[in-house]
Structure formats: structure tokens, C-alpha cells
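This report concerns only the one structure given below.
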Amino acid sequence: MKPERWVIKLGTGVLSTREGSLDLPQMENLTKQLIEIKKKNIDVIIVSSGAISCGMDILGYSKRPESIEELQTCSTLGQPYLMHYYKQLFSAHGFHVAQLLVTYFDLDSLSLRKNIQKLLENLLLKKTIIPIINENDCVSYEEIRFGDNDRLSSHIAVLAEAQRLIILSNVAGLMDCRNGENKMISYVEEIDSTIEKLAEGTRSERSVGGMITKIEAAKIAQASGILTQIADGREKNVLVRIYNGEPLGTIFETKKNNERTVRTNSVSLP
């Protein structure tokens, strides 16, 4: 039986401290959860932010640069460090990481898209390999300026024929702040203009996008029958609890799969 496949997007706010440095204890915590899920016959593909933030930390920047050249400099400097930490954390548990840097141009090209798809399939056949994907910032402008990795993660989920897209962020989910309230929207059956108006951009100095791009990502995934879930990446055991069926954050249902079921099987962390 073919394993269930998840694309998990880790945002900059999830991987960084308040001061902007990489949060290694947090990365280690997420790594342990990812491994637990992987061991339960779930194919895991990671779309990871954090390279620009890591480069900013190396260069001593406290504020996100505005010029494309400086952003690219931060990204290309920070990406090797980011992967170095992933390698250390996963290898301690007997897993290997594979880096894929892509652009939207790659995904728009039929031949290149098929090549990426074949590569991902082959990597996932090797059960000890975790693909980690990021935007190739040195040749791509659009993602640095507008999309963060939210939309990229949804395109990867479609390409990989995933069943779930999990977007972990520093927000708990989609909030309804109308009428002076602060109410969590747990389920979204259809992304309409009302839902889109609830989205707000981020004010972070180290990331872009915010809820607007997460809604856009959910819409892309929803159109392909992929269940999308936005949750707080710092919630205790968030990925394990999602696996166990706990409805954390906001779930964007699909026409192909409008389930609200709770798993009977479970995993646990010490």
C-alpha cells in the first residue's frame, strides 16, 4: 500500500528565535516529530524557510534588507548553514537530508517539472531520506518579494500528489477579528471572498507573506483535493497531534475529502 504523503512547510517564525537567530532546540523538537511521523509510514517532504533569516544573522542584520541583491546575498549565505543544521539533527537519528532548490520557472516547465517529480519519487523510495525544498533565491525574484514559501509548498504538494499540506507558522490559524472578537476559524469548506478578507500580512522584519499567502496556498492545494492545515509550529507536539487527528489550527477541507475524522492510531513522544 502506497504511504500517505505530507508536505510540511516550516516558516521562518517557527525556526527562529525572537531575536532572529536559528532556534536550534525548536528545530530539534520538530525533527523528532518529523521522524516519528516518518516511522509511521508517512512520506515526508519539507519546504523550509529560514535561509534569509540565517544569512541576516550571519551578517548582523536586525532588519530585513529591501534590495533584491541583499536578500539574495542573505539567502545564498544562509542556505548552507540551514542545511548543515538539518543534516546534524536528522543524521543523529539515522536519517539523511536531500536539498532541492527550485523556482516557479522550474515548476512551470513541463519537462523540468517531470524531472523534479521523478527525483522526489526516487528519494522517497529510500526510506531514510528526507527531501528538504527551498526556493532557489539566487535566480528567482518573485518568491523573495511576494510569496515566502507558502505558495511554493502548495505547488510541491500538487506535484508530489500529497494528501496533506501542513503549514506551520507563528500564528495559531485563521482568525476572525470582526466585531472586536478574536475567534479561531477551525474549518473552511470553501475559500471565498469573506475568507480572503480575513487574511492579514505579517509585520515581521525577517519574513514575508503572512496569512494572505497561506490562504493562496490553501486554495491551490484545495483545487487538487489536498487537505491543508495551518497551525502554530510552537504548539507542543504539533505534528504528532495532527497525525493523531487533533484539529489544531485551521483546516481547509476539499471537495474530494471533507472528512473531520480523528485517527485511531497514534504516536507519542517521550
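From the list (1) 0.98; (2) 0.94; (3) 1.00, can you say which value of Rg/Rh (Cα atoms, Kirkwood Rh) was derived from the structure given?
Structure-derived value, by its label: (2).
Compare the Cα positions of A217, P25, P65 along the charge dipole of the chain (+1 at Cβ of Lys, Arg; -1 at Cβ of Asp, Glu; about the Cα centre) and return the one farthest towards the positive end.
About the Cα centre, the residue reaching furthest to the positive side is P25.
For region 1-32, which GluC sites (Glu not before Pro) pass both filters: DSSP loop (anything but H, G, I, E, B) and at most 10 other C-beta atoms within 10 Å? Each step should come with its number before you reach the end.
On the way: sites: E4, E19, E28; in loops: E19.
Answer in residue order: E19.
Compare M56, M83 by solvent-accessible area with a 1.4 Å probe and give them largest first, with all protein chains kept in place.
Numbers: M56 0, M83 25 Å².
So the residues, ranked largest to smallest area, are M83, M56.
Using DSSP to call loops (not H, G, I, E or B), can you name the GluC sites (Glu not before Pro) in region 53-97 whose Cβ has at most 12 other Cβ atoms within 10 angstrom? Can you show the working numbers first?
On the way: sites: E66, E69, E70; in loops: E66.
Qualifying residues, ordered by number: E66.
Accessible area per residue of the chain at 1.4 Å probe, in Å²?
Numbers: 12950 Å² over 270 residues.
It amounts to 48 Å² per residue over the chain.
Given a 1.4 Å probe and the protein chains all in place, what does the accessible area of T76 round to, in Å² to the nearest 10?
Answer for T76: close to 80 Å² accessible.
Residue farthest toward the positive end of the dipole of the chain, with Cβ of Lys/Arg at +1 and Asp/Glu at -1: which of L124, N182, S153?
The Cα lying farthest towards the positive end belongs to L124.
Give me the dipole magnitude in Debye, nearest 20, for the chain about the Cα centre, with unit charges on the beta carbon: positive for Lys and Arg, negative for Asp and Glu.
Values: 33 positive and 34 negative charges, 202 e Å.
Using Cβ point charges on Lys, Arg, Asp and Glu, the chain gives about 960 debye.
Among DSSP beta bridges lying fully in the chain, give the percent that are antiparallel, nearest 5. Before the final figure, lay out each step's value.
On the way: 6 of 35 bridges.
Around 15 percent antiparallel, to the nearest 5.
Sort out for me the Cα centre separation of region 1-56 from region 221-238, rounded to whole Å.
So the separation of the two Cα centres works out to 13 Å.
Using the Karplus curve 6.51 cos²θ - 1.76 cosθ + 1.60 with θ = phi - 60°, what ³J(HN,Hα) values do you get for each residue of region 213-226, in whole Hz, with x for Gly and Pro?
Karplus values, whole Hz, x for Gly and Pro: 6, 5, 5, 4, 5, 4, 5, 4, 5, 4, 5, 9, x, 9.
Show me the ranking of peptides 132-139, 119-126 by mean Cβ neighbours inside 10 Å, starting with the highest. Each step should come with its number before you reach the end.
Values: 132-139: 19.8, 119-126: 13.6.
Highest-to-lowest ranking by the protection proxy: 132-139, 119-126.
Keeping the other protein chains in place, figure out the carbon and sulfur percent of the accessible area of region 22-74, with a 1.4 Å probe. Please list the in-between numbers first.
Details: 920 of 2050 Å².
Carbon and sulfur: 45 percent of the exposed surface of region 22-74.
The values are calculated or read from the model by the stated rules, or taken from the named source; none is laboratory data. As the structure is a computational prediction, the values presented were derived from the model and not from experiment. No Cβ is skipped: glycine too gets one built from the backbone with ideal geometry, and neighbour counts run over all protein chains shown. Heads up: the accessible areas ignore ligands, DNA and RNA and are worked out on the full protein's heavy atoms, side chains in. Shrake-Rupley method; radii C 1.70, N 1.55, O 1.52, S 1.80 Å.
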